[in-house]
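Q: Below: one structure in structure tokens.
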Amino acid sequence: MLLGNVLALSTRMQSFKYSSLLQDLQCDRNFLCQIVLLLNGYLYYPCFIMFSICLFIFQALLPHYPSKFQNLRRCISLNSYFIFTMLQAFEPPLDMSQDVDGCKDPHLENFEHGHCHSEERNASSCQSASTSGRMCCSNHAQACSQEKSNIMSNPTTEEVKSEQQHEPIFGSGAGEVENNNEIAECCSNDVADSNGNAFSSPHDWLDPSLQLNVPLVDVDKVRCIIRNIVRDWAAEGEKERNQCYKPILEELDAQFPNRSKESPPACLVPGAGLGRLALEISCLGFISQGNEFSYYMMICSSFILNHTETTGQWTIYPWIHSNCNSLSDNDQLRPVLIPDIHPASAGITEGFSMCGGDFVEVYNDSSQIGVWDAVVTCFFIDTAHNIIEYIEIISRILKEGGVWINFGPLLYHFADMYGQEDDMSIELSLEDVKKIAFHYGFELEKEQTIETTYTTNPRSMMQNHYHAAFWTMRKKRTTTT
């Protein structure tokens, strides 16, 4: 097809030689400019001629692209609005004024999309930092009973609810352009709080004066957070949650059939993500505590757990950051409403909390020995520098007869780190991991392999699947003579 366009262009150049120069200059001035660019590119910059030909093809065959990028810009702006609101709500407030840069950052133009660090798959929420560097535990049950914070509501909630009545349009043509217009209309409204007070339009978030000096690795982590929001707090992530969380919840329910409301069993969830699994465990009737190390995850989970007022309060566009493997523009630009449930109304058990800090530092303490009836690890144990240390601590903090339920792969997060002393990585096979667990007093009760994905776009042409290990182990009781 590209060769055909080049031949057509060549034919037109031949006819140009036999026509009046004056007439062509008047009637075909744009085409003449294209020829000059092509010739200059051919003489001086060989790669430029290919770029010009591609540009010519795009203008002829994809006239909707300018509109697409305009909509894409607005979607980015609404994502930015959500993130800035989330940061404003965090306690203590985050001061970003020192990072504001009115000058254009030349590195932004050369920014390449990298892969999210695996460590960012695990998360939680927290309220304040102590002088020791640990994050203090925040009781969500108490937080929910407090007066609601005066948080600005999503400017497009009502409009997006109306959008839900329309199925996404696949393919191209008039239907897709019409849907793009709907997205543009949705994205172009001013922001207002619940009292109707107007704020600056979302597109103001892209004003050059608001540019922040943010390392590209941190930008990539924020992208990972947005995808994790879909996994934990959107209806679109329900399939993944059913693959990962549902087996865990069913096993916990079976292991503790006669739970007492007066003295419920205690369950720890290291690597709690954005808190959905820990919350679901609390709703089953457990005293549930999520633990997390990532500040990114803690900020986001704190906002969703403590500052959400209704279901579908916020709209994000999680898939706009990748142009690969999209079936259509509609798939890439589709909105996602969050959260799919109201956390404060989910029926949590008193004592639900989120604790921030490194798992080893927080729970390798004498006060934690024999405290927990159950430990649930989901996509967590491979985040360790030393997986043996993780298993040892899990054994120590469990009561005798306590249960360890694990779900996930062994994608060791520090396996590719070289040359740094603090980036040690012990990478064991699944068989060896189980041998280590047996050494620390565990007995295997159940085991199976479950196929699942992780923060995957369900409409993407590429789907990465894990064959995750799912097991239930019990800590042996000490025999007395």
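Okay, residues lined up against (1) acidic (D, E); (2) within 16 Å of N386 (Cα to Cα); (3) in contact with a Phe, Trp or Tyr (Cβ under 8 Å, 6 or more places away or on another chain):
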{"residue": "L410", "(1), (2), (3)": "no, yes, no"}
{"residue": "D416", "(1), (2), (3)": "yes, yes, no"}
{"residue": "E427", "(1), (2), (3)": "yes, yes, yes"}
{"residue": "Y454", "(1), (2), (3)": "no, no, yes"}
{"residue": "H465", "(1), (2), (3)": "no, no, no"}
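Q: Here is a list: F359, F379. Which entry is open to solvent by less than 40 Å² (accessible area, probe 1.4 Å), within 25 Å of L410 (Cα to Cα) and in contact with a Gly (Cβ under 7 Å, 6 or more places away or on another chain)?
A: Residue meeting the stated conditions: F379.
Q: Find the residue count for region 276-307, including only residues that are in contact with a Phe, Trp or Tyr (Cβ under 9 Å, 6 or more places away or on another chain), part of a loop (DSSP other than H, G, I, E, B) and crowded, with 21+ Cβ neighbours inside 10 Å.
A: Adding up the residues that qualify gives 2.
Q: Further, regarding this structure: Select from region 424-476 the residues that are loosely packed, with under 13 Cβ neighbours inside 10 Å, among the charged types (D, E, K, R) and closer than 24 Å to L249 by Cα and write down the one among them that is nearest to the chain's Cα centre (by Cα).
A: Per the stated criteria, the residue is E451.
Q: Look at region 387-410 and say how many of its residues are out of contact with any helix residue (DSSP H, G or I) (no Cβ under 7 Å at 6 or more places or on another chain) and either more than 14 Å from T472 (Cα to Cα) or assigned to a strand (DSSP E or B) (or both).
A: Of the residues in that region, 7 qualify.
Residue-wise test of (1) closer than 30 Å to T456 by Cβ; (2) at pLDDT below 95; (3) within 27 Å of the chain's Cα centre (by Cα).
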position: V336; (1), (2), (3): yes, no, yes
position: M354; (1), (2), (3): yes, no, yes
position: G357; (1), (2), (3): yes, no, yes
position: C378; (1), (2), (3): yes, no, yes
position: I387; (1), (2), (3): yes, no, yes
position: E392; (1), (2), (3): no, no, no
position: G401; (1), (2), (3): no, no, no
position: N406; (1), (2), (3): yes, no, yes
position: A415; (1), (2), (3): yes, yes, yes
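Q: Give me the pairs: first residue in region 389-404 and open to solvent by 10 Å² or more (accessible area, probe 1.4 Å), second residue acidic (D, E), beta-carbon distance under 7 Å, and six or more apart or on different chains, which are they?
A: The qualifying pairs are K399/D373.
Q: Of the residues that sit in region 360-376 and are in contact with a strand residue (DSSP E or B) (Cβ under 8 Å, 6 or more places away or on another chain) and either at pLDDT below 95 or of a type outside the set (S, T, Y) (or both), which one is farthest from D232 (Cα to Cα)?
A: G370
Q: When only residues in region 334-356 that are part of a loop (DSSP other than H, G, I, E, B) and touching a Cys at 6+ places or on another chain (Cβ under 8 Å) count, which is nearest to K399 (Cα to Cα)?
A: T349
The values are calculated or read from the model by the stated rules, or taken from the named source; none is laboratory data. No experiment lies behind these values; they were computed from the predicted model shown. Please note: Cβ atoms are built from the backbone with ideal geometry, for glycine as well, and neighbour counts cover all protein chains shown. These accessible areas exclude ligands, DNA and RNA; they are computed on the full protein's heavy atoms, side chains included. Shrake-Rupley method; radii C 1.70, N 1.55, O 1.52, S 1.80 Å.
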